[in-house]
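Since the structure comes first, as structure tokens, the remarks are kept for the end.
The values are calculated or read from the model by the stated rules, or taken from the named source; none is laboratory data. Quick caveat, the model's predicted, so the values are computed rather than measured. Here Cβ is always computed from backbone atoms with ideal geometry, including for glycine, and neighbour counts include all displayed protein chains.
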Amino acid sequence: MTGSALDVSVVVPTYNRREIVIRSLETLFSQDFSSSRFEIVVVVDGSSDGTAVALQALAPVCGFRVIEQENRGPAAARNTGYRAAKSDLILFLDDDMQCDAGLLSAHFRAHQKLGPVAAFGALFPSSDSKANLASECFKREIGAFHARHLIDPETRWKVTDCVFSNASIPREILVKAGGFDEQFRMREDLELGIRLRESGVRMEYVKDAIAYQHYSKNSSDLLADARAFGTADALFERKHPEQMIEGHLHWLENDSGWKNGMRELMVSSPLLEKCVLAPWCTLGDQFFGFPPIRSVGVRALQIRRRIHWLRGVRGFMNS
């Protein structure tokens, strides 16, 4: 325990997104939570776009610190942030989250009511996010759980929903778990979630702790992410071979033979993937307002992401 009078320390890791993180911080400066009760710790993870200088020019209403470090990834940035934080309750936010005015209050109330838990808030795309195939994938995948929960509050929580883009957890639990594993450049939040679950920590969904993600990625970004996720999933399998994670390496075992054959052909032939699938992605973005073409484009992008994901898995296993 730190003995601090602060109720919440907000940790925001950022990398080369100067304007986006400033917009996100402005929503934190406008919380309905007393400014004397929280601080913000921004960890600039090796940015080269002038982020640190721009942050120092802000006029925060609460305790505010900027920590610079060499680029080591989100796991390391989050570890740096929570270790420097003064409060016993840590709230992790990504740098592209536009926060509802009641977000801090909702997280704090949840811990007052529920005790020592890992609390995950709601994530929705912001109104100014790009309308493209990438943002549509976000809505259908990460955003789908949160959208379903609005309709049915009994929607089942899965360990794969452990995303620390908007999540709070007592410092004591983080310290005991050893924080995030800095080997992981992706899946670091799922990997921590697995260890927390195994140690008996309860996961709770806080539906009124709402953040809106400014989603600016495009199809190419998602393909690069897919390859990085493949590398991380292979690393995860090596570290936790006993875990059966839905939607990760084990989905390969459930696909039919012809699907495996087509995927293997495209994994080994990037030109074939680009000729067969990439044009549908291009059409999907160009005619995004036409639902049938958009749906075909999304499906083509999802298949391409699985191909790039598998290349990441194979690259790790062969290294």
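Taking A131 as the residue in question, decide whether it is under 30 Å from G284 (Cα atoms), in contact (Cβ under 8 Å) with a residue 60 or more places away in the chain and not hydroxyl-bearing (S, T, Y).
yes
Kindly indicate whether any position in the stretch 295-303 is within 27 Å of the chain's Cα centre (by Cα), modelled with pLDDT of 90 or more, not in a helix (DSSP H, G or I) and not hydroxyl-bearing (S, T, Y).
Checked against the condition, which is being within 27 Å of the chain's Cα centre (by Cα), modelled with pLDDT of 90 or more, not in a helix (DSSP H, G or I) and not hydroxyl-bearing (S, T, Y), the stretch 295-303 yields no hits at all.
Quick one: in the stretch 156-203, of everything that is among the charged types (D, E, K, R) and touching a strand residue (DSSP E or B) at 6+ places or on another chain (Cβ under 8 Å), which residue is surrounded by the fewest Cβ atoms within 10 Å (Cβ to Cβ)?
R202
Name the single residue that is nearest to the chain's Cα centre (by Cα) among those in the stretch 144-171 being more than 18 Å from D94 (Cα to Cα) and aromatic (F, W, Y).
Among residues in the stretch 144-171 that are more than 18 Å from D94 (Cα to Cα) and aromatic (F, W, Y), the one nearest to the chain's Cα centre (by Cα) is F145.
Anything in the stretch 172-211 that is touching a residue at least 40 places away in the same chain (Cβ under 8 Å), assigned to a helix (DSSP H, G or I) and more than 14 Å from the chain's Cα centre (by Cα)? List them, or say none.
Result: E172, I173, L174, I194, L196.
(1) assigned to a helix (DSSP H, G or I); (2) in contact (Cβ under 8 Å) with a residue 40 or more places away in the chain: which one isn't true of F288, the others all being true?
The one condition F288 does not meet is (1).
Restricting attention to the stretch 44-69, and to residues there that are of a type in the set (V, I, T) and either part of a helix (DSSP H, G or I) or touching a residue at least 60 places away in the same chain (Cβ under 8 Å) (or both), which single residue is nearest to S24 (Cα to Cα)?
Within the stretch 44-69, the match that is nearest to S24 (Cα to Cα) is T51.
Is one or more of the residues making up the stretch 70-90 touching a Lys or Arg at 6+ places or on another chain (Cβ under 9 Å), over 27 Å from T160 (Cβ atoms) and assigned to a strand (DSSP E or B)?
For the stretch 70-90, residues touching a Lys or Arg at 6+ places or on another chain (Cβ under 9 Å), over 27 Å from T160 (Cβ atoms) and assigned to a strand (DSSP E or B): absent.
Please determine, by comparing only the residues of the stretch 1-43 that are at pLDDT below 95 and polar (S, T, N, Q), which one is surrounded by the fewest Cβ atoms within 10 Å (Cβ to Cβ).
Going through the qualifying residues, I end up with T2.
Being out of contact with any Ser or Thr (no Cβ under 8 Å at 6 or more places or on another chain) and among the basic types (K, R) is the filter; apply it to the stretch 16-47 and report the residue that is nearest to Q69 (Cα to Cα).
The qualifying residue nearest to Q69 (Cα to Cα) is R23.
Cβ-Cβ under 8 Å, sequence separation 6+ or interchain: first residue in the stretch 14-39 and assigned to a helix (DSSP H, G or I), partner crowded, with 17+ Cβ neighbours inside 10 Å and small (G, A, S). Which pairs?
What qualifies is R18/S47.
With the structure loaded, tell me whether A232 is of a type outside the set (D, E, K, R), within 15 Å of the chain's Cα centre (by Cα) and not in a loop (DSSP other than H, G, I, E, B) or whether it fails that test.
Here the answer is yes, as A232 does meet what is asked.
Could you please give the count of residues in the stretch 90-107 that are more than 19 Å from V21 (Cα to Cα) and surrounded by 22 or more Cβ atoms within 10 Å (Cβ to Cβ)?
1
Against the condition over 21 Å from the mean Cα position of the chain (by Cα) and either of a type in the set (G, A, S) or at positive phi (or both), how does S87 come out, does it pass?
Yes.
Looking only at residues that are outside any helix (DSSP H, G or I) and surrounded by fewer than 16 Cβ atoms within 10 Å (Cβ to Cβ) in the stretch 131-143, which one is modelled with the lowest pLDDT?
E141
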